[in-house]
Amino acid sequence: MEPISIAMIADFFHPDVGGVENHIYMLSANLIRRGHKVIVITHSRPPDRVGIRWLLPALKVYYLPIVPIASGATLPNFFTFLPYLRTILIREHINLIHAHASLSSLGHEGILHSHLLGVRTVFTDHSLFGFEDAASILTNKLLAGTLRNVDAVICVSHTGRENTVLRGELFSQSDDHPPRLVPGPLTLSDTITIVVLSRLAYRKGIDLLVATAPRVCAAFPNIKFLVGGDGPKLIDLLQMREKFLLQDRIELLGPVKHNDVRSVLIRGSIFINTSLTESFGISILEAACAGLYVVSTKVGGVPEILPEDMISFAEPDEDDVFRAISEAISIVSARKHDPFKAHERIKTFYNWAQIAERTENVYDTVMKSEQRELWDRILRTMQLGRYAGPIYTIILLVDCLFFLFLEWWMPRENMDFVTHHWDHRRFAAITRQQDQ
């Protein structure tokens, strides 16, 4: 495939920590390694991360002056983003945008606007959502509207694909592990540390952890918990620790930087994931790569990640989670789990270079496919339903008119184009030095 210019667009990116953020960064770095130009477009981060920043090894990031409303997500507004996006895409000579995450308003809006510039579009869905609660209904309808105009969709697991097809109403359409994630030195201590690294939110099943941890501590005197992360459920963990007097058994680290993940993981022997919904769960993969035995709720795409002998599954129920943790403690206590053998196996499972290559194949297919005309987009958008169809169609038409106004108000010939790009030979030399 010929090198192209790609813009990753999402509400979720560094310095925030999470699976989506890490996925975008690692994918971008590997695409740059393969000769493509990649930039990231996201919103600003308090207190002063706004404007253009560069991340190692060669990733240019636009932090736009748009304020998030909750959990790092911005409010959908459809039109405010267009002047910024148009200027960036034209100046950077972007050929394709890759939007990430269903809850990313910037990603949805980027797909809506890009066809006006002849820029091709790809969307990656990272999460699973239901169909009954109000938040899911609104998010799913927004996703369905976006996918009417996208050129290709990528899902991170087979379960995620089925969920996206249903939510997006697509009925007619049918990794190199981080080298720092190696196990720590073996210890002869009888104390077993259970590690939790997660956003402390309801969807991550923190209520299950709050209910189960005191029972585990009472049943196994040699068990300690190490919890990293931040979120609205932190107060529940603090109250639980105070209520059961477990200050010496449960350590709360607060937010953990991604560079510090390994140093936290190697302090433990067991990793717990209590998510109520999970499309893939990269934290599980990282923990297993660091040599930890994994306990997880059997939800979403989690069963696709690891072999059965490296993980104990539980239903999202307090008693079953306790059973699975007890099983994991007995396995680790009996030395039946070898961290170094687990690490060597994980190295063969996922490879970021392979993921970048497969993503590149999607890009190549999209770039060679025929673009949809505006009338075709209108017809597809009208199929969203009696009410959503006309509403989205009006947004699409107003977007076209606003774009024409911007073409007159800020002519392309008056823009300063980006002419100096990253030297890939220098990048290759730097990465070789880092690998050594």
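The values are calculated or read from the model by the stated rules, or taken from the named source; none is laboratory data. Fair warning: this is a prediction, and the values are worked out from it, not measured in the lab. Virtual Cβ from ideal backbone geometry, glycine too; neighbours counted across all protein chains shown. When the accessible area is computed, the model is the full protein with side chains, heavy atoms only, and any ligands, DNA or RNA have been set aside. Shrake-Rupley method; radii C 1.70, N 1.55, O 1.52, S 1.80 Å.
Report yes if some residue within segment 196-211 is among the aromatic types (Phe, Trp, Tyr), in a helix (DSSP H, G or I) and closer than 30 Å to residue 102 by Cα; otherwise report no.
yes
When only residues in segment 90-102 that are outside any helix (DSSP H, G or I) and among the aliphatic types (A, V, I, L, M) count, which is surrounded by the fewest Cβ atoms within 10 Å (Cβ to Cβ)?
Within segment 90-102, the match that is surrounded by the fewest Cβ atoms within 10 Å (Cβ to Cβ) is 96.
Scan (1) modelled with pLDDT of 90 or more; (2) touching a His at 6+ places or on another chain (Cβ under 6 Å) for the single condition residue 21 breaks and write down its number.
(1)
Mind listing whichever residues of segment 356-389 are of a type in the set (S, T, N, Q) and surrounded by fewer than 16 Cβ atoms within 10 Å (Cβ to Cβ)?
Residues satisfying the conditions are 361, 365, 369, 371, 383.
Please determine, by comparing only the residues of segment 199-225 that are touching a Lys or Arg at 6+ places or on another chain (Cβ under 6 Å) and under 17 Å from residue 328 (Cβ atoms), which one is surrounded by the fewest Cβ atoms within 10 Å (Cβ to Cβ).
224
May I ask you to list the residues in segment 275-304 that are open to solvent by 10 Å² or more (accessible area, probe 1.4 Å) and among the β-branched types (Val, Ile, Thr)?
Scanning segment 275-304 gives 277, 282, 299.
Is it the case that some residue within segment 289-300 is assigned to a helix (DSSP H, G or I), assigned by the TED database to the domain that holds residue 202 and at pLDDT below 90?
The answer is yes, given that some residue of segment 289-300 is assigned to a helix (DSSP H, G or I), assigned by the TED database to the domain that holds residue 202 and at pLDDT below 90.
Out of segment 71-89, which residues are open to solvent by 20 Å² or more (accessible area, probe 1.4 Å) and in a helix (DSSP H, G or I)?
Those that are open to solvent by 20 Å² or more (accessible area, probe 1.4 Å) and in a helix (DSSP H, G or I): 83, 84, 87.
From 64, 55, 59, grab the single residue that is open to solvent by less than 20 Å² (accessible area, probe 1.4 Å) and over 26 Å from residue 400 (Cα atoms).
59
Hey, among 417, 402, which residue is modelled with pLDDT of 75 or more and in a helix (DSSP H, G or I)?
One residue alone meets the criteria, 402.
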